[in-house]
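K.L.:
Let me give you the structure first, and then I'll get to my questions.
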Ligand SMILES: N[C@@H](CCC(=O)N[C@@H](CS)C(=O)NCC(=O)O)C(=O)O
């Protein structure tokens, strides 16, 4: 039985969704974020040294990193589903978006979260103007321009095909769902980018996505 070490409101939702798309049996081991810090509880470090989610266990294998997990599960159990055929242009696009999600899309979204919190977090009153000035400087010079460029790029790419890797829905769409959802919540994604908004609607209406939400529990991305 595949075990998913599932942290609430996190990337592990993608793993549940993939398992539901493939119709595989699995068990969820739930973990709750610390309410104040939003960090994972220390028990996750007993599962994997980095203490982050998702992590899966499959027999004697323990595997972290959502992209690696999706590729492993689709490769081992997918029987060709959710992965374009090897050697095709779609397969290369699939690989590209699999890596883009965590390698390029998530870093500015994470920085936005951190610097927004830096402006409002608890601190002595005299430090707040300095913290705000530093945060605004980094956001304006680096974070927001990168976010905008990423969103423009994704919007343009979705003009080429229905899904990120091509005409068929693939595991790359599952991997890309998290940055697109995070961009909707805190990255400035709105109706000015209609293809990305339509993409969100399309993924949210997939029965497997809904089943994953039912199994995984409440899913609210951090602001
Ligand atoms: N690149 C990793 C990122 C893993 C990660 O940062 N997970 C977050 C949840 S979305 C986490 O565990 N955060 C809690 C913490 O850092 O303590 C992946 O895609 O699996």
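The values are calculated or read from the model by the stated rules, or taken from the named source; none is laboratory data. Note that the coordinates shown come from a computational prediction; the quantities given were computed from them, not determined experimentally. Cβ sites come from the backbone with ideal geometry, for glycine too, and all protein chains shown count toward neighbours.
K.L.:
Kindly state which helices (runs of 4 or more DSSP H) lie completely within the stretch 106-168 and contain at least 1 residues that are out of contact with any strand residue (DSSP E or B) (no Cβ under 6 Å at 6 or more places or on another chain) and under 23 Å from residue 10 (Cα atoms). Break it down into steps so the answer makes sense when it comes.
P.N.:
Numbers: elements: 106-120, 128-138, 144-157.
Those helices (runs of 4 or more DSSP H) span 106-120, 144-157.
K.L.:
Counting just the residues of the stretch 23-59 that are assigned to a helix (DSSP H, G or I) and surrounded by fewer than 17 Cβ atoms within 10 Å (Cβ to Cβ), which one comes out nearest to the ligand (Cβ to nearest atom)?
P.N.:
Once the filter is applied, the top-ranked residue is 45.
K.L.:
Might you let me know whether the stretch 74-88 holds any residue that is at negative phi, surrounded by 17 or more Cβ atoms within 10 Å (Cβ to Cβ) and not in a loop (DSSP other than H, G, I, E, B)? Quick ask: steps written out before the conclusion?
P.N.:
Taking the stretch 74-88 and keeping what is at negative phi, we get 74-78, 81, 83-86, 88.
Those still in the list that are surrounded by 17 or more Cβ atoms within 10 Å (Cβ to Cβ) too: 74, 78, 83-84.
Okay, now just the ones that are also not in a loop (DSSP other than H, G, I, E, B), so 74.
Within the stretch 74-88 (the criterion being at negative phi, surrounded by 17 or more Cβ atoms within 10 Å (Cβ to Cβ) and not in a loop (DSSP other than H, G, I, E, B)), the answer is yes, since at least one residue qualifies.
K.L.:
Just one of the numbered conditions (1) more than 16 Å from the ligand (Cβ to nearest atom); (2) more than 18 Å from the chain's Cα centre (by Cα) is not true of residue 82; which one?
P.N.:
(2)
K.L.:
When you scan the stretch 201-220, do you find a residue that is touching a residue at least 12 places away in the same chain (Cβ under 8 Å), under 18 Å from residue 105 (Cα atoms) and part of a loop (DSSP other than H, G, I, E, B), even just one?
P.N.:
Scanning the stretch 201-220 turns up no residue that is touching a residue at least 12 places away in the same chain (Cβ under 8 Å), under 18 Å from residue 105 (Cα atoms) and part of a loop (DSSP other than H, G, I, E, B).
K.L.:
Of 68, 101, which residue is over 22 Å from residue 195 (Cβ atoms), at pLDDT 95 or above, within 16 Å of the ligand (Cβ to nearest atom) and in a helix (DSSP H, G or I)? Outline the logic, then answer.
P.N.:
Values: 101 fails: over 22 Å from residue 195 (Cβ atoms).
Within the list 68, 101, the selection yields 68.
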